[in-house]
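K.L.:
What follows is a single structure, and I will ask about it in a moment.
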Amino acid sequence: MSTDKQFENMVAVVTGAGNGIGRACAIAYAREGANVAMFDREADALGESAELVKAEGVRALPVVGDMTKLEEVEAAFAGTRKELGPVDLLVNNIGQTARENYSEFWQAKPETLQFVINVSLMTTLMCSRQVVEDMRERKRGKIVSISSDSAMNGDIGTVDYASAKSGVLGFTRALARELGPFKINVNAICPGPTNTRAMQRIPRDAYERAKNAIPLGELCEPEDIANAAVFLSSDKSRFITGQTLMVNGGRVFY
Ligand SMILES: NC(=O)c1ccc[n+]([C@@H]2O[C@H](COP(=O)([O-])OP(=O)(O)OC[C@H]3O[C@@H](n4cnc5c(N)ncnc54)[C@H](O)[C@@H]3O)[C@@H](O)[C@H]2O)c1
């Protein structure tokens, strides 16, 4: 039976699907009919996300693992292929700042720099590497990676994070050129400050400052990013590739 759902019978992978933007993406792709493999290192949160995805009437495949570890990445994708089939849509969402280890660069510890690059850039490269061979062979596929408008704005204390998220944009452009001949679209989204647990944990005055710096006067919601990701994974964006879409209420123009 055919429906008007855009991703009917497709297989989507969303990394970091246990919380925040990743959870919103997993639900949005499920709502469009995709079966969704969901990778996260937090088992309880991932279980809750999987229930929400199943409630949309599709298959959910929750996989608990640390996606900075190559063997766990390989196992997660091998399991997805076996259970759901080859991946049509990939959302590279895992990433974070140094959070409690945040500092200005002159005080940064090498291990913190390495951690942020691994989690916010290497996960995107390693996960994408797992799907491109199938996508080339099938001449179909969409890759959407979640960067950050900090890559453009260069916020203080985020040298490591801005480096990693700028790397995601370079990755997007170079891979789009390689995969264009195979009709595979590769794009990135730059959220601005978004209402997820990271923002909810910061002190009230910092939260208000972040909000006041946004022309549209409010923080981004995870669903705003999910809507953009759905668009960039759909046929409606078939002629868009290698691009960066800012979804940030106008905090930074690019
Ligand atoms: N929230 C914001 O203000 C904001 C702004 C710009 C960009 N972003 C980016 O959006 C993405 C999602 O952010 P969020 O705010 O939803 O974060 P979040 O912390 O709410 O969710 C991230 C999820 O990824 C999972 N995860 C992290 N590292 C992992 C690993 N190594 N292996 C497996 N799972 C892992 C976490 O367990 C968590 O469930 C990130 O890439 C982030 O950098 C967020």
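The values are calculated or read from the model by the stated rules, or taken from the named source; none is laboratory data. From a predicted model like this one, the values you see are computed outputs, not experimental measurements. Note that we place each Cβ from the backbone using ideal geometry, even for glycine, and neighbour counts take in every protein chain shown.
K.L.:
With respect to GLU100, is the statement that it is assigned to a helix (DSSP H, G or I) and either modelled with pLDDT under 95 or at positive phi (or both) true? I'd like the intermediate steps shown before the answer.
P.N.:
Numbers: assigned to a helix (DSSP H, G or I): yes; either modelled with pLDDT under 95 or at positive phi (or both): yes.
In short, yes.
K.L.:
Considering GLY33, GLY20, which residue is within 13 Å of the ligand (Cβ to nearest atom) and of a type outside the set (A, V, I, L, M)? Let's see the steps before the verdict.
P.N.:
Working: GLY33 fails: within 13 Å of the ligand (Cβ to nearest atom).
Checking each option against the conditions leaves just GLY20.
K.L.:
When residues of the stretch 153-169 are filtered for being touching a residue at least 40 places away in the same chain (Cβ under 8 Å), more than 11 Å from the ligand (Cβ to nearest atom) and part of a helix (DSSP H, G or I), how many remain?
P.N.:
Looking only at that region, the number is 5.
K.L.:
In addition: If you scan the stretch 217-245, which residues turn out to be within 16 Å of the ligand (Cβ to nearest atom), over 12 Å from LYS142 (Cβ atoms) and surrounded by 12 or more Cβ atoms within 10 Å (Cβ to Cβ)?
P.N.:
Listed by number, the residues that qualify are LEU219, CYS220, GLU221, PRO222, GLU223, ASP224, ILE225, ALA226, ASN227, ALA228, THR244, LEU245.
K.L.:
Also, quick follow-up: Can you tell me which residue within the stretch 170-201, out of those that are assigned to a loop (DSSP other than H, G, I, E, B) and more than 15 Å from the ligand (Cβ to nearest atom), is surrounded by the fewest Cβ atoms within 10 Å (Cβ to Cβ)?
P.N.:
Let us first name the residues in the stretch 170-201 that are assigned to a loop (DSSP other than H, G, I, E, B), namely 183-184, 192-193, 195-196.
Remaining after also requiring more than 15 Å from the ligand (Cβ to nearest atom): 183-184.
Working: LYS183: 14, ILE184: 21.
The extreme case among them is LYS183.
K.L.:
May I pose another question? Kindly establish whether ALA26 is assigned to a helix (DSSP H, G or I), touching a strand residue (DSSP E or B) at 6+ places or on another chain (Cβ under 6 Å) and either more than 10 Å from the ligand (Cβ to nearest atom) or of a type in the set (A, V, I, L, M, F, W, C) (or both). Before you say what the answer is, go through the steps one by one.
P.N.:
Details: assigned to a helix (DSSP H, G or I): yes; touching a strand residue (DSSP E or B) at 6+ places or on another chain (Cβ under 6 Å): yes; either more than 10 Å from the ligand (Cβ to nearest atom) or of a type in the set (A, V, I, L, M, F, W, C) (or both): yes.
Yes, satisfied.
K.L.:
Also, I was wondering about something else. Kindly provide the set of residues from the stretch 87-104 that are closer than 25 Å to THR172 by Cβ and either β-branched (Val, Ile, Thr) or surrounded by fewer than 17 Cβ atoms within 10 Å (Cβ to Cβ) (or both), ordered by number.
P.N.:
Our first condition is that a residue be closer than 25 Å to THR172 by Cβ; within the stretch 87-104, this holds for 87-99.
The answer is VAL87, VAL91, ILE94, GLN96, THR97, ARG99.
K.L.:
Right, here's the next one. Any chance you could count how many residues in the stretch 152-164 are crowded, with 20+ Cβ neighbours inside 10 Å and under 13 Å from ASN118 (Cβ atoms)? Even if it seems obvious, please write down each step before you answer.
P.N.:
First, the residues of the stretch 152-164 that are crowded, with 20+ Cβ neighbours inside 10 Å: 152, 158, 160-162, 164.
Applying the additional criterion that residues be under 13 Å from ASN118 (Cβ atoms) yields 160-161, 164.
Count: 3.
K.L.:
Can you work out which of the residues in the stretch 137-151 that are out of contact with any Leu (no Cβ under 7 Å at 6 or more places or on another chain) and more than 27 Å from ALA108 (Cβ to Cβ) is surrounded by the most Cβ atoms within 10 Å (Cβ to Cβ)?
P.N.:
First, the residues of the stretch 137-151 that are out of contact with any Leu (no Cβ under 7 Å at 6 or more places or on another chain): 137-141, 145-146, 148-150.
Imposing the further condition that a residue be more than 27 Å from ALA108 (Cβ to Cβ) reduces the set to 137-141.
Details: GLU137: 11, ARG138: 14, LYS139: 11, ARG140: 16, GLY141: 24.
Checked the stretch 137-151; the qualifying residue surrounded by the most Cβ atoms within 10 Å (Cβ to Cβ) is GLY141.
K.L.:
Still on this structure, I have one more. State which residue pairs qualify: first residue on the phi > 0 side of the Ramachandran plot and inside the stretch 1-30, second residue away from the ligand (no atom under 16 Å from the Cβ) and outside any strand (DSSP E or B) in any location, beta carbons under 8 Å apart, and separation of 6 or more residues or different chains.
P.N.:
Note: pairs meeting the criteria are ASN9/GLY33.
K.L.:
Filter the stretch 46-69 for residues that are surrounded by 19 or more Cβ atoms within 10 Å (Cβ to Cβ) and of a type in the set (A, V, I, L, M); which is farthest from ASN9 (Cα to Cα)?
P.N.:
Within the stretch 46-69, the match that is farthest from ASN9 (Cα to Cα) is MET67.
K.L.:
Just the residues that are surrounded by fewer than 24 Cβ atoms within 10 Å (Cβ to Cβ) and either at positive phi or of a type in the set (Asp, Glu) (or both), please, taken from the stretch 31-44. Write out each step before concluding.
P.N.:
Step one: of the stretch 31-44, the residues surrounded by fewer than 24 Cβ atoms within 10 Å (Cβ to Cβ) are 31-33, 35, 41-44.
Of everything in the stretch 31-44, those that are surrounded by fewer than 24 Cβ atoms within 10 Å (Cβ to Cβ) and either at positive phi or of a type in the set (Asp, Glu) (or both) turn out to be GLU32, GLY33, GLU42, ASP44.
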